[in-house]
Amino acid sequence: MGTGVESSVESPVARGLRVQMLGPFAVSRDGRGLPLPASRKVRGLFAYLALASRPAGRGQLCELLWDVPNDPRSELRWCLSKIRSVIDAPGSQRVIAHEDAVRLDLQDCFVDAIEIERATREGIEALPLERKRALVALFNGDFLEGLDIDRCPAFGGWLTAQRRRFRGCHVALLEQLAQSLPGAEALGYLEKWQQLAPFDRRVHEMLLTTLARSGRIREGEEHLSATIAMFEAEGLDSSSIREAWRRDRVGESRVLPHVVTDAASAESVVEATTAAPRRASIAVMPFLESSAEPQARGGIADALAYDVTTRLAKLRSMFVIAQGSTFALHERRVGPEEAGRMLNVDYVLSGTARLQGARLTITVELIETRTARIVWSEILNRKIDDAFLVLEEIGNKIVASIAAEIETLERNRAILRPPSSLDAWEAHHRGLWHMYRFTKSDNEQARHFFETAVRLDPTFARAYAGLSFTHFQNAFQGWARRSTEVDRAYEAAGQSLMVDERDPAAHWAMGRALWLRGSADQAVLELENAIDLSPNFAQAHYMLAFVQSQIGDAGAAISSSDCSRSLSPFDPLLFAMLGARAMALARLGRYDEAAAWSVKAASRPNAHVHIFAIAAYCCALAGSLDQARGYAAAVRKSVPHYGVTDFLSAFRFDADGEVLFRKGARCVGMQ
């Protein structure tokens, strides 16, 4: 992919090769426009290769632009020669063809669309104000405006997707500028934003606020009336816009969704949050069917979108838009980015499904609506021996990945906010950020934020589950009196279940608490309930492995551990997933494998003292005494008087397991 020669786009100079794709396609060199071939396919091929992230195969390019012509490769060669005539120069070959692959070398060129892509990846909310202005100025129209090619459905699909994507980037930049500038200056950006996203409630609310604060009440009334009529004509709810204008007219302070002003007091935050508890929201758009022979509606693409929507709803941690709404917008040819704004959700998931013979290829993208940033993407390719099993596997993978990505984003966002301004959702994720650091001080911070979350929203089951986890950690790590912390973990888990017994996290928390109380069989039942409610809940699979490895069900523990890692390969608890597998392998007498997996567990950055003890004992059982002594030294450096009694007090092994790990401890002098 090409990059711009300028270090920024604040004041670009007319030098070198410049490519404009945000508007009518144009190429210039040193400020002078270059004549372009009349062929639309040449221009389309140029644009496609300029944005391609990797070299494209000739066969792929032929499928993209030619509808079974007599000699597509000959036509491709002709098109490439025309591109060379425009951008190649003596000593500078930009069209690179190697064997069957083709790419453009635009590293020293300025390409407006690539500048936008880079800024979006960096995070436009963090960009300096002047850079945002300069990026907005790059938009001279729609992406490749006027460059539509008849009888090229593959190219048409790509072009439509790119136009929607860059329009979303444009809107996100306009929103950022409108939020950053004073009212009068913001008005122009608001008006442009409204033109591009007329059904985005946020722009109408901000526009009405600006008009009210400027004393332009009549204009505000006229805008409100026109907006209500427009929304009602589309069957959309305009009540939030009416309410925003009412508040502005009477001079009340407003808190926009997901935004708390610096002047807002802690009391106002509590009041707002109690009135309308917030969750992250997501819309799953119907997947596009891109098979060589498209199926009728109701095929694999629709089945997958429905499955993902249902599974996300089962997580209970997010507000999920009903499928009827997303399918209705899709039928009206509303793209994912625009749909996200119309539905006023934080995230949008979209994708494609392609069935070729016995292979199913799924591509998915998770987009953060307000920044137009692709926060996660994946290509899943499976042999479709059993359609139902394959779709279940893919659905599990997609949902687990989405849940993990959104949780990480929300945690990172919450940690940057002043503690006094947090709502319940943000306090919960601030707690998660501390909880996953696995230190005594951070665990105490996590407990504080979870308590804040349940105080702000007593119906927040996941916050109670997080609170239970902090008490579990206190008991398991020996950071506080075990009996007291066991009771507190059990009490908080019970509160989580009372609030929402359909939340898998509530059953996960109860399973952990029951294990602490010595009720392993009941713990397994609760963890299985969590998995039944949400088969893609990775941490429930892990906790099941943790319990099974101690009660002697080693084969099941390995399976549960593998499932948890498959669903969440970058999980904060990955060290524990690996450690549970190591303990299970040791129980089976497979000591060399147990040692290898325990070393992987101990190498994780947030591994705690018990994980190092597992590594020491497993390596000792495998005969790797030097390695075992190294881990034993690491244990004692962290906790000087740590011994096997501390290890066995933390865990709840059956008699055979206790004998086994005492043997490992003796080998390294940790009796």
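Considering only Leu467, Gly494, Phe575, and ranking their Cα positions along the charge dipole of the chain that arises from unit charges at the beta-carbon of Lys, Arg, Asp and Glu, the one farthest toward the positive end is Phe575. Rounded to the nearest 0.05, the FRET efficiency derived from the C-beta distance between Ser649 and Ser420 at R0 = 56 Å is 0.90. Each of Leu196, Phe612, Thr371 was scored by the projection of its Cα onto the charge dipole of the chain, and the greatest displacement toward the positive side belongs to Phe612; charges sit on the C-beta of Lys, Arg, Asp and Glu.
Partners of Lys192 within straight-line reach, counting lysines whose Cα lies under 22 Å from its Cα and excluding those fewer than 8 residues away in the same chain: Lys132. When Cys619, Cys563 are compared by accessible area of protein heavy atoms, the largest-first order is Cys563, Cys619, using a 1.4 Å probe. For the Cα trace of the chain, dividing Rg by the Kirkwood Rh returns an Rg/Rh value of 1.02. Using 0.36 nm per residue and subtracting the Cα-Cα separation, the extra length available between Asp30 and Glu232 on full extension is 67.6 nm.
Note on segment 40-189: dipole from Cβ charges, positive end direction compared against Asn140, Leu76, Ala119; the farthest Cα belongs to Leu76. Descending by average beta-carbon neighbour count within 10 Å, the peptides 151-160, 597-606 line up as 597-606, 151-160, the highest first.
Estimated at 0.36 nm per residue, the fully extended path between Ala137 and Phe570 surpasses their Cα-Cα distance by 152.0 nm. Couplings for segment 502-515, taken from phi via the Karplus curve 6.51 cos²θ - 1.76 cosθ + 1.60 with θ = phi - 60°, read 8, 7, x, 5, 5, 5, 4, 5, 5, x, 5, 5, 5, 4 Hz in order; Gly and Pro are left as x. Per residue, the chain reaches -19500 deg cm²/dmol at 222 nm when only DSSP H runs of four or more residues are counted, each adding -39500 (n - 2.57). Charges were assigned to the Cβ only: +1 to each Lys and Arg, -1 to each Asp and Glu. The resulting dipole of segment 377-491 about its Cα centre is roughly 460 debye.
The Cβ shell under 13 Å around Glu125 holds other residues with a net charge of +3, Lys and Arg each +1, Asp and Glu each -1.
Stretched out straight at 0.36 nm per residue, the stretch from Val659 to Glu145 would grow longer than its current Cα-Cα span by 177.7 nm. Here, segment 139-195 is characterised by an Rg to Rh ratio of 1.15, where Rg is the alpha-carbon radius of gyration and Rh the Kirkwood radius.
What the chain shows is 43 Å² of accessible area per residue, with the surface traced by a 1.4 Å probe over protein heavy atoms.
About the centre of its Cα atoms, segment 151-232 shows a dipole size close to 500 debye [charges on the beta carbon of Lys, Arg (+1) and Asp, Glu (-1) only; nearest 20 debye]. Within a straight-line Cα-Cα reach of under 16 Å, Lys383 can be paired with the following lysines, leaving aside sequence neighbours fewer than 8 residues apart in one chain: Lys397. For segment 201-242, the Kirkwood estimate of the hydrodynamic radius, built from every pair of different alpha carbons, is 10.3 Å.
Database remark: amide H of Glu289 closer than 5 angstrom to the amide H of Ala353 (H placed geometrically; neighbours at sequence offset of 5 or more, or on other chains; Pro and chain starts carry no H). Electrostatic bookkeeping for Leu514 treats Lys and Arg as +1 and Asp and Glu as -1; over the other residues with beta carbon under 13 Å from its beta carbon, the sum is -2.
Placing +1 on the Cβ of every Lys and Arg and -1 on the Cβ of every Asp and Glu, with nothing else charged, gives the chain a dipole about its Cα centre of roughly 1380 debye. In terms of its alpha-carbon gyration tensor, segment 467-561 comes out oblate; a/c meets the 1.5 threshold, while b/c is at least as large as a/b.
Is any residue of segment 642-671 close enough, with backbone N under 19 Å, to a label point placed 7 angstrom from the Cα of Leu588 along the Cα-Cβ axis, and if so, which? Residues passing the 19 Å test: 654, 656-658, 660-661.
Take the Cα of Ala38, step 7 Å toward its Cβ, do the same at Asp521, and the gap between the two points is 8.5 nm.
Per-residue packing, averaged as other Cβ atoms within 10 Å, sorts the ranges 429-442, 636-649 into the order 429-442, 636-649, beginning with the highest. The angle separating the long axis of helix 625-638 from the principal Cα axis of greatest extent in the chain is about 90 degrees.
Here's the list of aspartates and glutamates a cross-link from Lys82 could span, going by alpha-carbon distance under 18 Å and ignoring same-chain residues fewer than 8 apart: Asp71, Asp105. Taking GluC sites (Glu not before Pro) across segment 198-246, the ones in a DSSP loop with at most 14 further Cβ atoms lying within 10 angstrom of their Cβ are Glu234.
Per residue, the convex hull spanned by the alpha carbons of segment 467-509 comes to 47 Å³. Compared with the dominant Cα axis of the chain, that is its longest principal axis, helix 538-551 is turned about 20°.
Around the amide H of Phe319, modelled in the peptide plane, lie the amide H atoms of Ala280, Ser281, Ile282, all under 5 Å away and 5 or more residues distant in sequence or on another chain. In order along segment 414-428, the Karplus-derived 3J(HN,Hα) couplings, from 6.51 cos²θ - 1.76 cosθ + 1.60 at θ = phi - 60°, round to 5, 5, 8, 8, x, x, 6, 9, 6, 8, 4, 4, 5, 4, 4 Hz, and Gly and Pro are given as x.
For segment 494-631, the fraction of C-alpha pairs farther apart than 21 angstrom is 40 percent. Using a probe of 1.4 angstrom, how much of the accessible area of the chain is carbon and sulfur, in percent? It is 50 percent, rounded to a whole number. Among beta bridges identified by DSSP and lying wholly in the chain, the antiparallel ones come to about 75 percent. Using heavy atoms of the protein chains and a probe of 1.4 Å, the accessible area assigned to Lys192 is about 80 Å². Near Ala26, the amide H atoms lying under 5 Å from its own belong to Gln20; only residues 5 or more places off or on other chains count, and H is placed 1.01 Å from N. Quick one, what does Rg over Rh come out to for segment 43-150 if you take C-alpha atoms and the Kirkwood Rh? Reported Rg/Rh (Cα atoms, Kirkwood Rh): 1.03.
The values are calculated or read from the model by the stated rules, or taken from the named source; none is laboratory data. In this text, all values refer to a predicted model and were calculated from it rather than measured experimentally. No Cβ is skipped: glycine too gets one built from the backbone with ideal geometry, and neighbour counts run over all protein chains shown. Surface accessibility is based on the protein's heavy atoms, side chains included, excluding ligands, DNA and RNA. Shrake-Rupley method; radii C 1.70, N 1.55, O 1.52, S 1.80 Å.
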